[in-house]
Amino acid sequence: MSSLSKTILSLFHKSGMTRFTQKLFPNSLTVLNYHRIDWLENNQDMFQPNISASPQAFDEQMAFVKKWYRVISLQELTDWLLLNKPLPPLAALITFDDGYLDNYTNAFPILKKYDFSAVIYLTSGYIASNRPFYWDLASYCFFHTQTDCVQFPDSTQRRWSTNDEKKEVLKAWIEAMKLLKEGEKQKWVSNLPEALSVSIPHEKFNNVMLNWNQIREMHSAGIEFGAHTVNHPILTRISLLEANQEIMGSKKKIEEELGEPITSLAYPNGMKADFNNDVAYLTKEAGLSTAFTLLSGPTSLSSVKQSPYTIRRIFLSHRHSVAHFSFLLSPFNRIRSI
Ligand SMILES: [Zn+2]
């Protein structure tokens, strides 16, 4: 972001402009989307775009939300959708995707401090396992390789000479993986350590994800859980039969562990190409009442009622200042992303 944009955002924030516009649209739903809450310094060789905020920035953001929004639970949203129970004005829902351990160690104490509920969407096949997500595995390989280039699926090679260039190539490589069919993607990912001559220490990915005891403890303290598939495939890049297994498998596993129905899904990756009408239909048929995308912006309650399987969220990154955060929550962000 340019320094001019930063100055404008800061002026908007300080003048109260973003908060003023929020008040113009009280019948809105603002859904925040986090992945990891942790310090960048502790995650130098993990996939950094997934670090949504440091614990300190998360605390500041929650203070802002407490002041200007009414945090609701997924249950309240579902009761409004299905039973027409009223929602407060300026309703906000806090969500996390994937199921990283830091949701428990870092985010949970802060959520308790503000007395906020939140929903954590679990990739059930990774919970209580030492299995790394491909973006974390790729990051480890990139940051520990002695080579300076990598092969892409379109047969091109990309080189780097600085750390910043390497981060750009890593991001591009991960984006290229998302365009492949699931089986192809897995081949590329499993070949990467050898291609970059990196050996991954056995315990590197221990204690990265939540386990079921931590999930149950949070659940009994009011945190809610949703399905995020079993293996995190992009649902439009596998067959409908497989997509159905991914959705149902995740839902059933979490239901078994928590002993209550799961009513909501977050689509892996969540962008426009990552879900479609068929996937939304499967979600509905699986008995789920809501599904969340990563199409950006707050949304009106009428759009949620009309399309409960394509609810917008606001993707948050550790790069966002509080001024940027308040802008993203404002209706400007919804208008910008239409
Ligand atoms: Zn995810």
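Descriptive notes on the structure:
- Residues (in contact with a Pro (Cβ under 9 Å, 6 or more places away or on another chain) and part of a strand (DSSP E or B)) located in the stretch 24-41: 28, 29, 30, 31, 37
- In the stretch 272-287, residue nearest to the ligand (Cβ to nearest atom) [restricted to those that are of a type outside the set (D, E, K, R) and in contact with a Lys or Arg (Cβ under 9 Å, 6 or more places away or on another chain)]: 273
- Pick from the stretch 228-265, criterion surrounded by fewer than 18 Cβ atoms within 10 Å (Cβ to Cβ) and among the hydroxyl-bearing types (Ser, Thr, Tyr), ranking: farthest from the ligand (Cβ to nearest atom): 239
- Where a residue in the stretch 252-280 is farther than 18 Å from residue 118 by Cα and its partner, wherever it lies, is within 11 Å of the ligand (Cβ to nearest atom) and not in a loop (DSSP other than H, G, I, E, B), with Cβ under 6 Å and at least six apart: 270/294; 271/294
- Candidate set from the stretch 78-102 (those that are within 17 Å of residue 116 (Cβ to Cβ) and touching a helix residue (DSSP H, G or I) at 6+ places or on another chain (Cβ under 8 Å)); member that is nearest to the ligand (Cβ to nearest atom): 96
- Output for the stretch 177-189, where each listed residue is over 17 Å from residue 149 (Cα atoms) and in a helix (DSSP H, G or I): 178, 182, 183, 184, 185, 186, 187
- Single match in 138, 195, 176, 172 (criterion: within 16 Å of the ligand (Cβ to nearest atom) and of a type outside the set (Lys, Arg)): 138
- Hits in the stretch 164-180 - residues which are among the small types (Gly, Ala, Ser) and buried (at least 16 other Cβ atoms within 10 Å of the Cβ): 176
- Within the stretch 181-223, the set of residues being surrounded by 12 or more Cβ atoms within 10 Å (Cβ to Cβ) and more than 25 Å from the chain's Cα centre (by Cα) comprises 193, 195, 196, 198, 200.
- For the stretch 70-85, the criterion of a residue being in contact (Cβ under 8 Å) with a residue 24 or more places away in the chain, in a loop (DSSP other than H, G, I, E, B) and of a type in the set (Ser, Thr, Tyr) is satisfied by at least one position.
- All told, residue 108 meets the bar of being away from the ligand (no atom under 16 Å from the Cβ) and farther than 26 Å from residue 171 by Cβ.
- Failed item in (1) buried (at least 19 other Cβ atoms within 10 Å of the Cβ); (2) of a type outside the set (Gly, Ala, Ser); (3) touching a Ser or Thr at 6+ places or on another chain (Cβ under 7 Å), with residue 96 passing the rest: (3)
- Close pairs from the stretch 112-137: first over 19 Å from residue 263 (Cβ atoms) and in a helix (DSSP H, G or I), partner within 13 Å of the ligand (Cβ to nearest atom) and of a type in the set (S, T, N, Q), Cβ under 9 Å, at least 6 apart: 125/229; 125/231; 125/250; 126/231; 135/50; 136/50
- Among the residues making up the stretch 240-280, those that are within 19 Å of residue 179 (Cβ to Cβ) and either within 18 Å of the chain's Cα centre (by Cα) or modelled with pLDDT under 95 (or both) are 246, 267, 268, 269, 270, 271, 272, 273, 274, 275.
The values are calculated or read from the model by the stated rules, or taken from the named source; none is laboratory data. Here the structure is a predicted model, which means the values were calculated and not measured. Don't worry about glycine lacking a Cβ; one is built from the backbone with ideal geometry, like all the others, and counts go over all protein chains shown.
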